[in-house]
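Chemist: Sharing a structure, written as structure tokens. Questions coming.
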Amino acid sequence: MTEETPPLPPLPPSDGLPDQEPAVTPADIRDGAAVALVVGVCGVLLGVLWAWLAPRVQYVAHGQAVFLKNTEGEARVGADGTFFLLSLGLGVLSALAVFLWRRRGGVALVIGLTVGSCFAALAGWRVGLWLGPGTDVAAAAARAGDGVAFSAPLQLLAWGVLLGWPMAAALTHLCLTAVFGPRDPSPTPPSEGTYPPPHVHATPPPQS
């Protein structure tokens, strides 16, 4: 009498992997756009602080000519340094705020933070120029009078300082996510059953 072998259990799908969620969801895009908008608006704060804290370059008018009051002063470089340091500080604070709001991070969030930081730097630069001394040096010299010092307009000599906010924000957010962000669970290999099944090596029943 021939022993019948029961059928083997069905094999799992060929890939053996569960359905994965898309890398970027509509909610992630919405969060990234919100971050870009809020961070960009914060550029107004950069402009206000820069116009308030940046050292002033002093001009003196003599007749029809305008000269620097102190040719060896470092106020012109100090304006760039003030803008850069303020940008670094605000970049770190914005990245920290975004991380505390959404600890999981994501590509859309980082893109929104970077784009918003670039816009914030540009907005801060323009707002600082608007709040600072006027750009019409001739009119300012006429108002001050001959031999009287007056403040020169704010300006950036090194355009690279505009990258301070986005660079600080991106690097800070990357470090925070790497150190304190959630960890992905270790993948569990799919169970394919035992082969050969136990009944293959089972002791055959005694023949009657």
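Each value in this text was obtained by applying a stated rule to the coordinates, not by laboratory testing. Keep in mind that this is a model prediction, so the values were computed, not measured. Quick reminder, even Gly has a Cβ in these numbers, built from the backbone with ideal geometry, and neighbours come from all protein chains shown.
Chemist: Arg103 to Leu171: FRET efficiency via 1/(1 + (r/R0)^6), r the Cβ-Cβ distance, R0 22 Å, to the nearest 0.05?
Modeler: E(calc), rounded to 0.05, equals 0.80.
Chemist: Taking the Cβ-Cβ separation of Arg126 and Leu93 as r and a Förster radius of 30 Å, what is the calculated FRET efficiency to the nearest 0.05?
Modeler: 0.90
Chemist: Follow-up. At Leu45 and Leu163, where each label point lies 7 Å from the Cα along Cα→Cβ, what is the point-to-point distance in nanometres?
Modeler: Label at Leu45, label at Leu163, 2.5 nm between them.
Chemist: Residue by residue through region 163-170, what is 3J(HN,Hα) from phi via Karplus (6.51 cos²θ - 1.76 cosθ + 1.60, θ = phi - 60°)? Round to whole Hz and write x for glycine and proline.
Modeler: With coefficients 6.51, -1.76 and 1.60, one gets 8, x, 5, x, 5, 5, 5, 5 Hz.
Chemist: Okay, moving on. Please check which bits of region 99-125 a label hung off Gln155 would reach, taking the label as a point 7 Å along Cα-to-C-beta and the cut-off as backbone N under 17 Å.
Modeler: Counting only backbone N, you get 125.
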